[in-house]
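No lab work stands behind these numbers, since they all come straight from the coordinates. What you see is a predicted model, and the numbers here were worked out from it, not measured in a lab. Cβ: placed from backbone, ideal geometry, glycine included. Neighbour counts: every protein chain shown.
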Amino acid sequence: MSEIITLGEPLIVYVAEAPGTFSEVETYTRGLAGAELNFSIGVTRLGHQISYMTRLGKDVYGKYIMDFVLREGIDPAQIIWDEEHVTGSYLKFKALKGDPEIAYFRKGSAASHICPEDVEKIDFSNTKWLHITGISAGISESCQKACEKAMEKARANGVYISFDTNIRKALWKSEEQMRNVLNSLAEKCDLILPGIEEGKILTGYDEPEHIAEFYFNKGVKAAVIKLGARGAWYKTKNDQGFVEGFPVEHVVDTVGAGDAFAAGVVSGLLEGLTMEKAVLRGNAMGAIIITSKGDNDILPVKGELERFMKDAR
Ligand code: KDG
């Protein structure tokens, strides 16, 4: 089994080439998306081995995703072909400022049928890290249960667990349900990675220090609170601090920034960096990906990342 395991839903994305509604915009660019797939691409390009667990529909989208996973060097051993359900997709509209609007086509998708039995088959014994996001918990009850199962199995095997809350309100029945589920998953992780706005929604606190404390009281061992362009604030058992973000002249699209950030932090920690240095790497990864309209297309290899970090300082 690989050094890292993640599970979640891959999506085909169509990115609008111009601002406007669906009826106004005629041209879209095809791409790949999905928080955990973005994360998998990020850590793989930085030299780490990851197993990506999902269910793919036996359709052109599923085949396209599988070909990509194989080309990229992501371990496909835990990918299940699903004969009955389709692979999901989404449309990403062009935002002139801030986060773009999105429209999902994923209800009842193959990946939403990921279930605890799928996770039962995974051998966690030689793995070091499990990465889970709130999107997987939001796509279906069975996938939520699969996340819980994965976290329990990881815990039993001494595997370190990171949890990116990754709020997508469109996936939840109510804010209360979302808060309850995400906070109960948070209790099962070692490292939590919420954005500041997510932290406010999930804990009711405004300050990174208080958000971190809320999760530490639930047994979490480390928290990194993403502060957007400003950077990120972290807390571990022995240390805490603010790490400044990298300047970005022109932000094209912020979707995928959190996944790139997580890939930077997790790869850094696996390589023995301090939390401060790992967060700095996470900030750099986030700064790189927001200059592209894709969710993962320009994620860097190690040399490119190091050059970016050197040139920016
Ligand atoms: O974190 C980025 C993801 O949000 C994006 O790639 C697509 O999985 C996706 C989602 O649900 O929005």
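General remarks:
- Applying the criterion of being polar (S, T, N, Q) and within 16 Å of the ligand (Cβ to nearest atom) to the residues of region 73-132, the residue that is surrounded by the most Cβ atoms within 10 Å (Cβ to Cβ) is THR87.
- Of all residues making up region 133-145, the number that are away from the ligand (no atom under 16 Å from the Cβ) and touching a helix residue (DSSP H, G or I) at 6+ places or on another chain (Cβ under 8 Å): 2
- Listed by position, the helices (runs of 4 or more DSSP H) enclosed by region 127-233 that each have at least 1 residues that are under 30 Å from THR87 (Cα atoms) are 134-139, 141-156, 175-186, 196-203.
- Residue that is nearest to VAL279 (Cα to Cα), among those in region 153-178 that are among the aliphatic types (A, V, I, L, M) and more than 16 Å from the ligand (Cβ to nearest atom): ILE161
- Residue count, region 17-41 (criterion: buried (at least 16 other Cβ atoms within 10 Å of the Cβ) and touching a helix residue (DSSP H, G or I) at 6+ places or on another chain (Cβ under 9 Å)): 9
Residue by residue, here is whether (1) in contact with a Cys (Cβ under 8 Å, 6 or more places away or on another chain); (2) of a type in the set (D, E, K, R) holds:
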{"position": "ARG55", "(1), (2)": "no, yes"}
{"position": "LYS63", "(1), (2)": "no, yes"}
{"position": "GLY88", "(1), (2)": "no, no"}
{"position": "GLU101", "(1), (2)": "no, yes"}
{"position": "TRP129", "(1), (2)": "no, no"}
{"position": "ALA156", "(1), (2)": "no, no"}
{"position": "ILE161", "(1), (2)": "yes, no"}
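- Tally, over region 162-198, of residues that are more than 15 Å from ILE211 (Cα to Cα), surrounded by fewer than 17 Cβ atoms within 10 Å (Cβ to Cβ) and touching a Phe, Trp or Tyr at 6+ places or on another chain (Cβ under 9 Å): 2
- Restricting attention to region 272-283, the residues that are surrounded by 21 or more Cβ atoms within 10 Å (Cβ to Cβ) and either away from the ligand (no atom under 16 Å from the Cβ) or acidic (Asp, Glu) (or both) total 6.
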